[in-house]
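The structure appears below as structure tokens.
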Amino acid sequence: MQFRAVKGMNDILPDEVGRWQRLEQSFRRSAELYGFQELRTPLLENTELFVRSIGETTDVVEKEMYTLERGKESLTLRPEGTASAARAYVEHSVHAKEPVSRWYYLGAMFRAERPQRGRYRQFYQAGCEIFGDPGPAADAELIDMLVGLFTDLGIGELEVAVNSIGGAETRARYRAALLDYFRPQQGALSEHAQARLDSNPLRILDSKDPRDKAASAGAPALIDQLSDEDRAHWDGLRRALDALETPYKVEAGLVRGLDYYTRTLFEVRSNQGELGTQNTLAGGGRYDGMIQSLGGPDVPAIGFAMGLERILLAMPKRETAPLPFCFIAPIGEGALLDALKLARDIRRLGCRSDVDGRGGSLKGMLRRADACGARLCVVLGESELARGVVQLKDLAERSQHELPRDSAAAMVVERLRAVDPRAERVAAVDRSDA
Ligand code: AMP
């Protein structure tokens with residue numbers, strides 16, 4: 001029996017990981033430049049947390065959660081990061097320690113959606129949350145940060161859509177207006193929308209069903225019904241985006257799939273690359289009521305999440321030169337033990353070194369050194385050891401020198417650095433300029 005990964009859940013093999021690391025590092029860097037600090041939360045939360053925060057009648061909660069029942073407990077694999085961040089914020093009374101918190105996270109999320117290109121069941125999101133800042137300057141900064149990050153990553157044809165869905169008062173008024181609008185044509189809606197009409201008429205505007213789309217075409221726009229305070233926030237956001245010269249378009253139909261949003265909503269899309277219809281790279285918005293609804297104080301909040309797989313599909317594929325490293329070829333058991341020490345010394349000086357422990361002839365080892373892409377090869381033979389020397393081969397230049405064994409590690413490292421000054425940085429630690 002041959003096992004395969006679960007449908008919609010992908011392996012990321014070592015030859016793809018370099019691009020992931022580059023993206024993750026760019027994200028961390030820009031988040032930290034904006035004053036965000038990393039938060040790590042568990043993958044599992046009480047199911048009720050997601051029902052309460054994301055909303056009972058959302059697709060995520062109704063259809064897409066991976067839920068485990070164990071005894072009396074119902075736990076769910078996190079489908080997104082905001083609920084956990086808000087839970088942690090309340091649980092640790094963070095508001096009492098600092099007036100404003102800027103947090104970021106990065107990790108796997110789980111939703112049982114129909115897999116397709118750019119849509120998976122385990123996928124990775126990076127996101128930022130700001131607690132304690134009512135905006136709208138903070139809202140504009142978040143959007144501007146995303147545009148800057150995507151531009152730095154080489155992603156073009158960006159499109160920023162923004163909307164405001166107002167606060168609780170505006171929403172209640174709008175809900176009534178939507179009900180008045182949809183009720184007379186209830187029969188023309190999809191079955192799903194009909195079932196949701198009373199509980200969540202706003203979500204009909206977000207439906208992909210052609211019947212709902214047609215029915216929504218003449219719906220009143222929420223943006224025209226904002227309360228004075230909501231409008232002042234909205235105008236402030238637009239002024240700040242204009243001041244930052246961040247291009248955006250107002251999309252009155254932008255609703256987004258999660259229920260917790262208030263006022264500002266935004267999406268950043270790209271029409272470049274291999275994205276197709278799944279072209280929303282990041283989405284977010286304000287969720288001023290959530291902290292209180294989770295039992296915390298009345299603290300405003302805003303955040304976004306971006307999908308790493310989609311960003312990778314949009315990012316240009318750049319060939320990056322591999323970092324040069326040293327291969328050590330010991331001939332015989334005594335030499336192998338010395339090779340282990342030499343390799344460790346080279347690593348301690350900060351460069352990669354591989355030891356060939358498989359034995360065999362010198363010719364075989366040199367072939368392996370070439371095949372794995374090593375730049376240098378140190379040959380350690382019994383006779384060389386007896387004389388206190390090693391042979392250093394440059395596999396690109398096809399040259400060879402004899403070195404004293406004592407200074408071999410330092411000389412290997414010096415040579416690797418001369419070939420490429422990045423040699424002493426291991427890829428995972430720093431690929432920022434790769
Ligand atoms: P959301 O949490 O639904 O607001 O989504 C935020 C971002 O996460 C989207 O814009 C996508 O880039 C990404 N995303 C959401 N769902 C998926 C999925 N099933 N597979 C891959 N990426 C996703």
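The values are calculated or read from the model by the stated rules, or taken from the named source; none is laboratory data. Given the structure is predicted, the values throughout are model-derived calculations rather than measurements. Backbone-built Cβ (ideal geometry, glycine too); neighbour counts: all protein chains shown. Just the protein is used for accessible areas: all its heavy atoms, side chains included, with ligands, DNA and RNA removed. Shrake-Rupley method; radii C 1.70, N 1.55, O 1.52, S 1.80 Å.
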Projected onto their principal axes, the Cα atoms of the range 55-173 stretch, largest extent first, over whole-Å spans of 46, 42, 35
Averaging 1/r across every pair of distinct alpha carbons in the range 144-302 and inverting yields a Kirkwood hydrodynamic radius, in angstrom, of 17.0
Ranked output for segments 323-329, 128-134, 185-191, 60-66 by mean other Cβ atoms within 10 Å, highest leading, reads 323-329, 128-134, 60-66, 185-191
Per principal axis, largest first, the Cα atoms of the range 320-417 extend in Å by 39, 26, 22
Here FRET efficiency (C-beta to C-beta, Ala112 to Ser199, R₀ 35 Å, nearest 0.05) is 0.95
FRET efficiency (Leu33, Leu362; Cβ distance; R0 60 Å; to 0.05) is 0.75
For the range 4-54, the percent of accessible surface on carbon and sulfur atoms (probe 1.4 angstrom, ligands and nucleic acids excluded) is 50
Expected unfolding gain across Cys372-Ala188 under the 0.36 nm per residue rule, minus the alpha-carbon gap, is 59.9 nm
Given a 1.4 Å probe, the accessible area of the chain per residue, as a whole number of Å², is 48
Placing one equal point scatterer on each C-alpha of the chain and summing with Debye, one gets log10 I(q)/I(0) at q = 0.12, 0.14 Å⁻¹ equal to -1.00, -1.24
Projecting the Cα atoms of Leu13, Val61, Ala96 onto the charge dipole of the chain, where Lys and Arg contribute +1 and Asp and Glu -1 at Cβ, the residue farthest towards the positive end is Leu13
Once both label points are put 7 Å beyond Cα along the C-beta direction, the Asp228-Thr67 separation in nm becomes 4.4
The simple spin-label model distance between Leu349 and Ser383, using points 7 Å out along Cα→Cβ, in nm, is 2.6
GNM of the chain, Cα pairs under 10 angstrom: of Phe182, Phe304, Phe27, the biggest fluctuation goes to Phe182
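To the nearest 500 deg cm²/dmol, what mean residue ellipticity at 222 nm is calculated for the chain from DSSP H runs of n ≥ 4 alone, each contributing -39,500 (n - 2.57), summed and divided by the residues?
Computed ellipticity for the chain at 222 nm equals -11000 deg cm²/dmol.
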With every protein chain kept in place and a 1.4 Å probe, the residues Glu45, Glu169 fall, from largest accessible area down, as Glu169, Glu45
For the range 1-124, inverting the pair-averaged 1/r of distinct alpha-carbon atoms gives a Kirkwood value in Å of 16.6
Short to long, in 10 Å steps from zero, the percent of alpha-carbon pairs of the range 131-204 per bin is 15, 29, 23, 25, 8
Under the 7 Å Cα-to-Cβ spin-label approximation, Glu157 and Glu48 lie apart by a distance in nanometres of 4.7
With R₀ set to 41 angstrom, the calculated FRET efficiency between the beta-carbons of Leu294 and Gln2, to the nearest 0.05, is 0.40
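If you wrap a convex hull around the Cα atoms of the range 178-264, how much volume per residue is inside, in Å³?
It comes to 111 Å³ per residue, whole-number rounded.
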Full extension between Lys97 and Ile12 adds, at 0.36 nm per residue less the Cα distance, a length in nm of 26.7 nm
Computed about the Cα centre, the charge dipole of the chain from +1 Lys/Arg and -1 Asp/Glu charges at the Cβ has a magnitude in debye, to the nearest 20, of 1240
Ranked output for segments 11-22, 229-240, 281-292 by mean other Cβ atoms within 10 Å, highest leading, reads 281-292, 229-240, 11-22
Total charge of the residues flanking Gly253 in space, meaning their Cβ is under 10 Å from its Cβ, with Lys and Arg +1 and Asp and Glu -1, is -1
